[in-house]
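Remarks on the structure that follows.
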Amino acid sequence: MINVLVNGAGGRMGSEVVRAVHAEKDMTVVAAVDPGHAGEDVGQVTGLGNLGITIAPDLETGLANAKVDVVVDFTNPSVIFENARKVVSKGVHMVIGTTGLTAEQREELSEMAAKTGSHILIAPNFCMGAVLLMKVSEEIARYMPDVEIIELHHNHKYDAPSGTAKLTAEKIARARQTAPAEDMTRESLPGVRGGKYEGVTIHSVRLPGYVAHQEVLFGGYGETLTLRHDSLNRQSFMPGVILAVRKVSDHPGLTYGLENYLE
Ligand code: NAD
């Protein structure tokens, strides 16, 4: 049985994780943390009925309350680095869905994990379709180097561009074998051409009604190729989160991207 602590358990993603872990036979929620819901029963907060697990106000209390194998974190970018340092320093495995960790912070966590024996998975996107979209984009970019990304999310998302768009751009930048064509356009409105990350242009749309969507547009001579993925609800992330909880103990060190856990 895998003992799971859900950090951010009262949030939109965190409560989905509590319900998903609760539904599995080989894992169980043993602790929950969320300062916004401290003192409440995690089952009541997530619609499962009383589970007898009180939501702790902070990670220290949550980790002290139970024997935890894996912490799943869906909190927010302003606290994720501190959260990860606390968990990794205790040698506990961690599955991170929260976006916003920089490359330097990932490096620091990786070094810490090497010392404490903690395994870390950071996945900007747990949705299988989105992970496959990244893989395919990488393959296409080898032959079609001219590409832009449009990512579309709800207006309550904290960060822009999305972690998935950045990871897609990194993969495309590494895969391109030739330089993209020169962009001849000069902006008359700052920002109208989007932002560049790793040399790939990203456009971030934020509107009520969207969940999480991404298009990757490739342009060639006399042809275009467009890939689109849509996450229609937060349940779409759960098969990936469950897979990560199950496999994190097999993958030492820090792994970036769920695709590395796919056989
Ligand atoms: P949310 O605001 O609904 O939930 C965040 C929860 O974290 C809140 O309940 C808040 O009280 C709690 N929290 C804040 N500080 C905390 C702390 N220090 N310790 C513990 N809990 C704390 O947000 P959300 O929509 O659930 O998204 C959470 C994060 O997950 C965001 O960074 C979002 O971008 C990311 N996300 C990732 C994926 C993915 O596939 N990787 C998918 C969706 C969302």
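The values are calculated or read from the model by the stated rules, or taken from the named source; none is laboratory data. Computed from a predicted structure; not experimentally measured. Glycine also receives a Cβ, built like all others from the backbone with ideal geometry; neighbour counts cover every protein chain displayed. For accessibility, only protein heavy atoms count, side chains too; no ligands or nucleic acids. Shrake-Rupley method; radii C 1.70, N 1.55, O 1.52, S 1.80 Å.
Here the average projected area of the convex hull drawn through the C-alpha atoms of region 188-230 stands at 4.7 nm².
Normalised radius of gyration (Cα atoms, divided by 2.2 N^0.38 Å) for the chain: 1.06.
The listed residues Lys157, Lys86, Lys67, Lys135, once ranked by accessible area (1.4 Å probe) with the largest placed first, stand as Lys67, Lys135, Lys86, Lys157.
Measuring nothing but how far apart in sequence close Cα pairs (under 8 Å, 6+ apart) lie, relative to its length, the chain scores a relative contact order of 19 percent. One quarter of the convex hull surface built on the alpha carbon atoms of region 81-201 amounts to 9.3 nm², the projected area averaged over directions.
Taken about its Cα centre, region 88-188 carries a charge dipole of roughly 400 debye when the Cβ of each Lys and Arg holds +1 and the Cβ of each Asp and Glu holds -1.
Quick check: the angle from helix 128-141's long axis to the longest principal axis of the chain, C-alpha only, nearest 10 degrees? Helix 128-141 sits at roughly 30 degrees to that axis. Of the residues Lys115, Lys171, Lys90, Lys166, ranked by 1.4 Å probe accessible area with the largest first, the sequence reads Lys115, Lys90, Lys166, Lys171. Mind checking the angle between helix 103-116 and the chain's longest principal axis? C-alpha axes, 0 to 90 degrees, to the nearest 10. For helix 103-116, the angle is close to 40 degrees. Seen through its C-alpha gyration tensor, with square-root eigenvalues sorted a ≥ b ≥ c, region 137-196 comes out oblate because a/c lies at 1.5 or above while a/b is not bigger than b/c. Only beta bridges with both residues in region 1-152 are counted; by DSSP, about 5 percent of them are antiparallel. Say the cut-off is 30 Å between C-alpha atoms; which of Lys157/Lys247; Lys86/Lys135; Lys115/Lys171; Lys25/Lys157; Lys25/Lys86 go over it? Distance filter (> 30 Å) returns Lys86/Lys135; Lys25/Lys157.
Among beta bridges identified by DSSP and lying wholly in the chain, the antiparallel ones come to about 45 percent.
Measuring only protein heavy atoms, the 1.4 Å probe finds Phe237 accessible over about 30 Å². The order of Glu138, Glu223 by accessible area, most exposed first and with a 1.4 Å probe, is Glu223, Glu138. Excluding ligands, DNA and RNA, the accessible surface per residue across the chain is 47 Å² with a 1.4 Å probe. Applying the Karplus relation 6.51 cos²θ - 1.76 cosθ + 1.60 with θ = phi - 60° to region 175-190 yields 3J(HN,Hα) values of 7, 4, 9, 10, 6, x, 5, 5, 8, 7, 6, 10, 5, 9, 10, x Hz, where x marks Gly and Pro. For a test of the definition: using alpha carbon positions, the gyration tensor, and the 1.5 limit on a/c, classify region 1-83 as rounded, prolate or oblate. Verdict is rounded for region 1-83.
Backbone geometry of region 203-216 corresponds, through the Karplus equation with coefficients 6.51, -1.76 and 1.60 at θ = phi - 60°, to 3J(HN,Hα) couplings of 10, 10, 9, 10, 8, x, x, 7, 10, 8, 9, 8, 10, 10 Hz, x marking Gly and Pro.
Rounded to the nearest 20, the size of the Cβ-charge dipole of the chain about its Cα centre is 160 debye, with Lys and Arg at +1 and Asp and Glu at -1.
With contacts taken as Cα pairs under 8 Å and at least 6 residues apart, region 148-215 reaches a relative contact order of 62 percent. Solvent exposure of Arg19, expressed as accessible area, is near 90 Å², computed with a probe of 1.4 Å over the protein chains only.
Computed over the alpha carbons of region 134-263, Rg followed by Dmax gives 16.2, 52 Å.
Mind pulling the angle between the C-alpha long axis of helix 80-89 and the longest principal axis of the chain? Nearest 10 degrees, somewhere in 0 to 90. Taking Cα atoms only, the helix is inclined about 50 degrees.
Ordering His93, Ala32, Val205 by Cα displacement along the dipole of the chain toward the positive end leaves Ala32 in first place; charges were set at the Cβ atoms of Lys, Arg (+1) and Asp, Glu (-1). If only the Cβ of Lys and Arg carry +1 and only the Cβ of Asp and Glu carry -1, the dipole of region 1-127 around its Cα centre is close to 180 debye.
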